[in-house]
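J.: Take a look at this one; I'll ask things after.
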Amino acid sequence: MAVQTRIQTELKLSFRPDIRFTSEGEGTGRLQGEQFDLPFRKLSAGLQAVIAQMCGPGATEAELKDLISQHDGPMATMFLYQYLSRLAAIVCHTVTLAGQPLATVVPLLFPSPYRFQADAAAAQAHYRLSRFAYQRRDGEMTILESPRGYAKVILHDELAGRLLHGLTAPLTAAELAEADERLDETAALAFLNLLHNGAMLEDPAESEDPALAQWDFHDLLFHSRSRLGRHNYPYGGTGRSQGIFEPLPAVKPAATAQPIPL
C-alpha cells in the first residue's frame, strides 16, 4: 500500500505588495505605501536586508532571524521583533505548501488595530465560515473579505477554495485536513489561523451580541465600505469612470420632441 507524503507547511512574512523602500544612504530611507510615508534613521545593515527581503518574496520568521544575525549578530533579533511589531499593520502572512502559496492574509489599513496572532486558532476547536465572509474576484486574484475584519485573504490555490467549501459546517483542523491527502493537521490549522486573523471565521458574537446579531450581511458590508476605518478602498465620488464613459448631461434631455397635449 502506497504511503502518501505530507507536504511541508511554512508561514512566510512579507510586506503588502504596494510597499516600497527607498534607501537614502548611511542607514536612512523611506518606507512608502498607498497610505503613508515612513522615514527611517540609523537602520543597521541587517534591518536593511530584512526590509529588502520583505519588500520582495518574503521569508519565514526563522529565515529573517538568520538574515539579521548574519549582518548584525545574534543579539540583533530583538530589533527585528521591535520593527515587526511597529509595522504589524503592513505585514502579510502566507501559508505555503511545498514552497507554493496556499493563502495570504493581507492587512488593509495602516495604521490599524490589526496584529497577526500566530496562535489565534486552536487545534481542538470547531470552526466554520462567518456569515459575513464573502469571496470575489479582484483583478486576477480570488479574495475572501469580511466587513468585520481589517484584512483580506488571497486564495492562491484551488485547494484553498475546497477548504472553504468544507467550512460551511463546523470542523476541527484534523477534520479539515481530510479534504486532501496532502494535508495534515498542522497545514489545516495554519490555514484556519489565517482565516481567524482576517475575521473570516464565525464568532459567537454574530448571534449573541445584539450590536452584531441584528446586522444582515449586505447592510454591514455597505456600512463598512461607505466610510473609512476598516479598509483602503476608495468610496464616494471617485470618478472611476472618467475618460471611459461620457458624463450624463447636466440637464435631462426632453423625453420626446413632440409633447402630447393633455
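J.: Round to the nearest 0.05 the FRET efficiency obtained for ARG240 and ARG115 when R0 = 25 Å and r is the Cβ-Cβ distance.
T.: On the way: r = 32 Å, r/R0 = 1.28.
My answer for the efficiency is 0.20.
J.: Comparing ALA62, ALA151, ALA174, which has the greatest mean-square fluctuation in the GNM of the chain with Cα pairs linked when under 10 Å apart?
T.: ALA62
J.: Same structure, new question: Which ³J(HN,Hα) values in Hz, rounded to whole numbers, follow from the phi angles of segment 128-136 under the Karplus curve 6.51 cos²θ - 1.76 cosθ + 1.60, where θ = phi - 60° and Gly and Pro get x?
T.: Ordered by residue, 3J(HN,Hα) equals 9, 4, 5, 6, 9, 6, 9, 10, 8 Hz.
J.: I would also like to ask the following. For segment 122-243, what does the relative contact order come out to in percent, with C-alpha contacts under 8 Å and a separation of six or more? Don't jump to the answer; show the numbers that get you there.
T.: Details: 152 pairs, mean separation 35.3, N = 122.
Relative contact order comes out at 29 percent.
J.: Rounded if a/c is under 1.5, else prolate if a/b beats b/c, else oblate: with a ≥ b ≥ c from the C-alpha gyration tensor eigenvalues square-rooted, which is segment 10-137? Walk me through the numbers on the way to the answer.
T.: Values: a/c = 2.13, a/b = 1.54, b/c = 1.38.
Prolate.
J.: Over the chain, with a Gaussian network built from C-alpha contacts below 10 Å, which listed residue (GLU208, GLU185, GLU175) shows the highest mean-square fluctuation?
T.: Evaluated over the chain, the most mobile residue of the options is GLU208.
J.: Return the sequence-ordered ³J(HN,Hα) values of segment 237-247 in whole Hz as given by the Karplus equation 6.51 cos²θ - 1.76 cosθ + 1.60 applied to θ = phi - 60°, using x for Gly and Pro.
T.: x, 8, x, 5, 9, 5, x, 9, 10, 5, x
J.: With a point put 7 Å past each Cα toward its Cβ, work out how far THR186 is from GLU24 in nm, to one decimal.
T.: Each label point is offset 7 Å from its Cα along the Cβ direction, giving 4.4 nm.
J.: Could you rank the peptides 241-254, 99-112, 68-81 by their average count of other C-beta atoms within 10 Å per residue, with the highest value first?
T.: So the order, starting with the most tightly packed, is 99-112, 68-81, 241-254.
J.: Where a Cα-Cα gap under 26 Å defines reach, which lysines qualify for LYS152, not counting those fewer than 8 residues away within the same chain?
T.: Counting by Cα, and skipping residues close in sequence, LYS152 has these lysines nearby: LYS12.
J.: Given H placed on each backbone N at 1.01 Å, which residues far from THR142 in sequence or on other chains put an amide H within less than 5 Å of it?
T.: Here the answer is LEU155, since their amide H atoms fall under 5 Å of that of THR142.
J.: With an 8 Å Cα cut-off and a minimum separation of 6 or more residues, compute the relative contact order for the chain in percent. Before the final figure, lay out the partial values.
T.: Numbers: 415 pairs, mean separation 44.6, N = 262.
Once divided by the residue count of the chain, the mean separation gives 17 percent.
J.: Round to a whole angstrom and tell me the spacing of the C-alpha centers of segment 77-137 and segment 34-51.
T.: Result: 21 Å between the Cα centres.
J.: Something else: With charges only on Cβ, +1 for K and R and -1 for D and E, what is the dipole size of the chain about its Cα centre, in debye, rounded to 20? Write out the running numbers ahead of the final one.
T.: On the way: 23 positive and 30 negative charges, 185 e Å.
Charge dipole of the chain: 900 debye, to the nearest 20.
J.: How large is ³J(HN,Hα) for each residue in segment 228-233, as worked out from phi by the Karplus curve 6.51 cos²θ - 1.76 cosθ + 1.60 (θ = phi - 60°), to whole Hz, x for Gly and Pro?
T.: 6, x, 10, 8, 10, 7
J.: Moving on to the next point. Can you list residues whose amide H is under 5 Å from LYS152's amide H, if they're 5+ apart or on another chain and H is modeled 1.01 Å from N?
T.: Close amide H contacts, sequence-distant or interchain: VAL106, LEU108.
J.: Next question. Calculate for the chain the 222 nm mean residue ellipticity that helices alone would give, adding -39,500 (n - 2.57) per DSSP H run of length 4 or more and normalising by residue count, nearest 500 deg cm²/dmol. List each step's numbers first, then the result.
T.: Values: 9 runs with 77 residues, N = 262.
Only helices count here, giving -8000 deg cm²/dmol.
J.: If you take Rg and Dmax of the Cα atoms in Å from the coordinates, which of (i) 20.4, 66; (ii) 30.7, 91; (iii) 23.0, 91 do you get?
T.: Comparing each candidate, only (iii) matches the computed number.
Just so you know, all these numbers are worked out from the coordinates, no wet-lab data involved. Bear in mind the structure is a predicted one, so any value in this text is a computation, not a measurement. Neighbour counts run over all protein chains shown; Cβ positions are idealised from the backbone, glycine included.
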